[in-house]
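Down below is the structure, laid out as structure tokens.
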Amino acid sequence: MSSRTVTKSLPRGLLRLFLRLPLWLYRFRMGWLLGTRFVMLSHIGRKSRRLRQTVLEVVVAQAAPPRYVVAAGWGRQSDWFRNVQQTPRVLLDTAKGRFAAVAQTLDEEAATAALHTYAQAHPTAFRNLSRVMIGEALTASLSDCRKLAQQIPLVALDVQS
């Protein structure tokens, strides 16, 4: 089974610019405009060792203990995903503030459960995102969520107290 996404390469040009617009909202302290479905992840580059930032959609937000689950939509080749594998200590900017967190890749069972929760709450978004990520419009069924979890890694961002 392939772990590659439908898009063979990372976004470039106008698509990359469009996808990075939310980052500027967070940098100008206006990330709250995006609501609770997005977080800005600040992480250390695995090669440059410089601070990097990206805005990610939240798949599941858990209040206690505080945890945000996000998906590496471009697959295991996503720079942020590869960076947090090497240096899991990160910072999160959310609608509720800025927090230190630790990133941990979810196993297939936990990823399936998280995707199922997301798909139940946002079936249209789930169908459209799965079409972009793996080239197939999936339903909110448990088997379809498992299919996506096998191809797209999910990361839990556990807020540190």
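In region 70-97, what residues are surrounded by fewer than 21 Cβ atoms within 10 Å (Cβ to Cβ) and hydroxyl-bearing (Ser, Thr, Tyr)?
Ser78, Thr87
With (1) in contact (Cβ under 8 Å) with a residue 60 or more places away in the chain; (2) out of contact with any helix residue (DSSP H, G or I) (no Cβ under 6 Å at 6 or more places or on another chain) as the list, and Val69 as the residue in question, which single condition is left unmet?
It fails just one condition, (2).
Being without any contact (Cβ under 8 Å) to a residue 40 or more places away in the chain, touching a Gly at 6+ places or on another chain (Cβ under 6 Å) and not β-branched (Val, Ile, Thr) is true for just one of Arg52, Arg82, Arg29. Which residue is that?
Arg52
Could you count how many residues in region 26-74 are hydrophobic (A, V, I, L, M, F, W, C), within 28 Å of Ile134 (Cβ to Cβ) and outside any strand (DSSP E or B)?
Total satisfying the criteria: 3.
Buried (at least 16 other Cβ atoms within 10 Å of the Cβ) and not aromatic (Phe, Trp, Tyr): is that true of Thr36 in this structure?
Spelling it out, it is not the case that Thr36 is buried (at least 16 other Cβ atoms within 10 Å of the Cβ) and not aromatic (Phe, Trp, Tyr).
Just to be sure before I move on: is Thr124 on the phi < 0 side of the Ramachandran plot and not in a loop (DSSP other than H, G, I, E, B) in the structure I sent?
Taking the combined requirement at face value, the residue satisfies it.
Here is a check on your reading of the model: is Asp93 in a strand (DSSP E or B), of a type outside the set (S, T, N, Q) and at pLDDT below 95?
Against the criterion (in a strand (DSSP E or B), of a type outside the set (S, T, N, Q) and at pLDDT below 95), Asp93 qualifies.
The values are calculated or read from the model by the stated rules, or taken from the named source; none is laboratory data. Remember, it's a predicted structure, so these values are computed and weren't measured experimentally. In this analysis, Cβ positions are derived from the backbone assuming ideal geometry, glycine residues included, and neighbour counts consider all displayed protein chains.
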